[in-house]
Amino acid sequence: MLDSAMAALASLADPSLLLMLLIGVVAGLVMGLIPGLGGTGAVAILLPITFGMEPPQALALLIGALAVVHTSDTVSAVLLGAPGSASASVTMLDGYSMAKKGQAARALSLAFLSSMAGGIIGAVGLTLAIPLARPLVLSFASPELFMLTVLGVALAAVLSRGNIIKGVTAGLLGLLLGMVGTSPTTAEERFTFGSLFLGDGLSLVAVALGIFGLAEIASRASQRRGQQDNVTLGGGWFSGIREWLAHWTQVIRGALIGIWAGVLPGVGATAGTWLAYGQAVATAKDKRNFGKGDPRGIVGPESANNSVEAGDLIPTLLFGIPGGVPSAMLLGMLLTYGIQPGPSIISDHLDLMYLIVWSFAIASVLGALFCFLSVRGLAKLTKVPFAVLAAGLVAIMLLGAFQEGGQIGDLWVMLILGAFGWLLKSTGVPRAPFLIGFVLAIPLERYYFLTDSLYNGIEWMARPGVLVFLAILVLPILWSLYKWIRARRKVNADDGHRDEQPEDIESPLKNSAWSLGLAVLIVVVFGAALVTSGTFSPEARLVPQLVSITGLIISGILLSQEIADRLKTRHSKIGWTADTGFAFRTFTWMLGFLAITAVSGYMIGVLLFVPAFLLIVARARMKTTLIYSAVLYLFLLALPSLLPIELPQGLVSNFI
Amino acid sequence: MQPETAATEPAETPEPPKHSRRAVIAAVAGFGALAVATTVFGGSLLNPPATTEDGDYSGETLQFLIPLAEGGGTDTWARFIGTELTGVIPGHPGFAPVNEAGGEGITGSNHFASSARPDGTEVLVSTASTVVPWVLGRSVVNYSFEDLQPFVVNGTGGVIYARTGAGVSGLEDLTDRERPLKFGGISATGLDITTLVAFDLLGADIESTFGFEGRGPVNLALQRGEIDIDYQTTSAYESAVAGLEKDDQAVVLMSFGQLDENGNIVRDPNFPDVPTVAEAYEILHGSKPAGEKFEAYKTLLGLTYTYQKGLWVPEETPEKAVELLRTSSEKLGADPGFQAKAGKVLGGYPLVADEGLDERVEEAYTVSPAVRTYIVDLLKSKYDIEVE
């Protein structure tokens, strides 16, 4: 075994292999930077190049890209609040808050170092897991996978920071949204209103970019001036490394959770990263800073989202079951070389296995190094007025969201969820549980159904794995319930000061007519879902009804809280604020952009929207605007021939 | 909004001034004109009308519409064939695979049917998941394989195997059971349908659970003992079944078989020692299979296995272009270099692009009303699924 490992390492000294690895790393980093493309884009662009190569070169190229995509997708999440991929939205919670405090360089350094460590630990894990993978995968049957998804959804409560009712409501809404589409058990369509487009369910990229990215743009596009303070904290890289080292346990824990989530088929990168964040919050003594720039909130998830990719390679190679699109494409490439994935790959192609492991580790280091060296340059991006960035960002995010399914409908979904995300954010409803609910809805239902139909009664509850999960779930709930009751008593004592809580800065529309309206809206949505799900077949109806009923109860409590608040304060002091007006105008701009795109194509949409937005909203200088738009034009012109990217075509294109 | 930044912002940087209306209109109009020009002229400049009838595809781009996501079996197959095929077609056209995933393949296929240019440069990739809903006559399907022309098809095969731990050691353990065998499926209206019809034909004592994510997870569930019986296609046999068979954890019961030129079921060349579903019927019931169930099985076998994957062009495509594509595919399929390379991707089944292809495929893709009615009824009565 050691011989093969060393031989594989020695083969990487071959300049052509190293070159391929390097090209892969650069391609992966670039694709990670563009929101919405990520691993799928990186592998899709590299795959055609690999035809005709020898297997080692091809593997080095693809693994190089795969290993670093989740290193660079953090950049836009931390700097701009627009996650480069769905799993980067986790790092965003604390990373972006830190960046807004002028500590972008600190956040990025922590993230990159953790990505690197996650990649290395992932590669080591990949090596060690080879003999363990089979028992590990086989010990996770449907009941355990079901409990795992339940644990994920329970994170909603952990992540709700303060108001558990709001967190759980958001989580349930996410679950409901995730059920739009074809039912995993009976293949019947739910909540699709006869639309084939909705039949596939909503695109994760569109949902994540909308609920976080567009919402962020709407609430910050009013900033016509850049961040002037340049607090980079401490004296350079070494202090960054030192701070990061202080959190080494979080790094390792995050990486292990990542590998584990990657190994289990059906969990996925996004859910794995959330689990890592959830455990960081759940095990921390002092939780107050989470979501406001706590380094632990960056380190764990960032280390996890890289190791997920390594973990994902285990089922891909050993069972031929890929966990995501990039690893599925890798699998396809192996087949074209006549390499059959399966348990025998260890005996037949051990050298390639080790080549993968080493490539993964080296690529992680290289990728993090490149990013780390460019931290200072990247952090300067925060000096650019946000409104100026927003124009290009909207254009790129819409293009990114279009790539997954090639449907304009995804863009409308993204815009609608953008507005909804803004409403959630402004009224103090956490958006993280919403996304987790969305991601886990289908696995939760699938494994519940499988558990229920493959096991008699509740015998599955007695499985040792299930008991462990039950303990993990119930004990903290009891504990926090106890603490909540105690805290509640205290709050009651000085109830009058609630409005002065510091979180209100982040959510200016909390306890206003807006949040009351939102609560009413949510109750109506759950009610409508309950009525609609009555028309489904009994099997397809079960979980949506359960979610709707729970949702009605919880959102009913939320509504009564809001009403009580209204009655107490009588006249709301918050109505139509300047920021609200600005957000509405920004969404109107986006709406216009999308409408033009739908009618006459993306190119025309961009070239009307970007200069107009820059001049009228951002009030950028004429020279800046002209260069900005011209560069974007040339970029879009060249893009389809350089990358596997398609520009949305308008309705008119059918008549030309 | 943000007191942290607001507080540190020096008061001397004022809000930038507004631009004059004329300047804004001029700049936006300028870029707008540029964009309109690019959209109108760029398209026709970059895509001049195709000349595919001159026996030469030079300067053209062959576009494959893959109606499923990147990375799946069909995607891998299509990308591999496309890359190899464009190297054989005279003039060496470019290759552009386009994935339009959605509606389990229906969205992309509908789109192709409504808007593909019939000039021999646009090709639809078909597979079981787009064929089955068409067979069932689902209302969302707006394409018909009767309105398309195939120029190459490629089959696959598969085996049905069961867990020895569930008390199965041979075919006879399929019927008259105390406790039915649990079958794990993805969805009754997908590729699983062929297996379900086979079970119905054999009168096997099976209880089905659908909802698995893919065949890989079903295989794992069988190894955990959650389900008892499963099927895997030939390409997955090595990784999923061979090892279990060697360790006596599972026993291969039968293969789906293949349709020969005359439409009869013959043994699968990849499983020469395994009885086919038709032989299994004989072993269990002592007579040759016949009747509507058997007709339905044969139809589904052709559609979902023997002619599973195909490349199609619109019906109005010029004869010469289709012929060129077909003969190029035939040449590719016969090339020993290609055969060696293609072993694993094609799963051990040859590329079929001979002269009689059109006719045989047409026959295979003709589904009689009786067969359709039987399948729809089976889904409704046994699986409670209403085909809309």
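Before moving on, here are some points about what is shown:
- Charge dipole magnitude, Cβ of K and R +1, D and E -1 - the protein assembly as shown, Cα centre, debye nearest 20: 6040 debye
- Burial here means at least 10 square angstrom less accessible surface with every protein chain in place than with the chain by itself, probed at 1.4 Å; in region A:319-333 the buried residues are A:Phe319, A:Ile321, A:Val325, A:Ala328, A:Met329, A:Gly332.
- Per residue, the Cα convex hull of the protein assembly as shown amounts to 166 Å³.
- For region B:55-122, the Rg and Dmax computed from alpha carbons only, in angstrom: 12.4, 36
- Annotation: lysines with alpha-carbon distance below 27 angstrom to A:Lys568 (same-chain offsets under eight excluded): A:Lys166, A:Lys425, A:Lys483, A:Lys490, A:Lys510.
- All distinct Cα pairs of region A:89-168 go into the 1/r average, and the inverse of that average, the Kirkwood radius, is 15.9 Å.
- Remark on region A:515-656: Rg and Dmax equal 23.1, 63 Å (Cα only).
- Note on region A:341-489: the alpha carbon radius of gyration divided by the globular reference 2.2 N^0.38 Å gives 1.62.
- Based on C-alpha pairs under 8 angstrom that are at least 6 apart in sequence, chain A has a relative contact order of 22 percent.
- Cβ-Cβ FRET estimate between B:Asp56 and A:Asp348, R0 fixed at 30 Å, reported to 0.05: 0.10
- Among beta bridges that DSSP assigns inside region B:142-297, antiparallel share in %, nearest 5: 65 percent
- Cross-link partners of B:Lys382 among lysines (Cα-Cα below 19 Å; sequence separation of 8 or more within a chain): B:Lys182, B:Lys293
- Euclidean distance between Cα centres, region A:412-431 to region B:56-122, Å: 38 Å
- Using the average count of surrounding beta-carbon atoms within 10 Å as a protection proxy, the listed peptides A:178-187, B:302-311 rank, highest first, as B:302-311, A:178-187.
- For the protein assembly as shown, the share of accessible area belonging to carbon and sulfur comes to 63 percent (1.4 Å probe, ligands and nucleic acids excluded).
- Shielding by other protein chains, A:292-304, mean Cβ within 10 Å: 0
- Shielding by other protein chains, A:454-465, mean Cβ within 10 Å: 1
- Taking all protein chains into account, the per residue accessible area for chain B stands at 41 Å² (1.4 Å probe).
- For residues of A:96-106, the mean tally of beta carbons on other chains within 10 Å: 1
- Region A:588-654: projected area of the alpha-carbon convex hull, averaged over directions, in nm²: 4.7 nm²
- Values of log10 I(q)/I(0) for chain B across q = 0.11 Å⁻¹ run -0.81, by the Debye formula with one identical scatterer at each alpha carbon and no solvent.
The values are calculated or read from the model by the stated rules, or taken from the named source; none is laboratory data. Just so you know, these numbers come straight off a predicted model, no measurement behind them. Cβ atoms come from the backbone with ideal geometry, glycine included; neighbour counts cover every protein chain shown. The accessibility values were calculated without ligands, DNA or RNA, using every heavy atom of the protein model including side chains. Shrake-Rupley method; radii C 1.70, N 1.55, O 1.52, S 1.80 Å.
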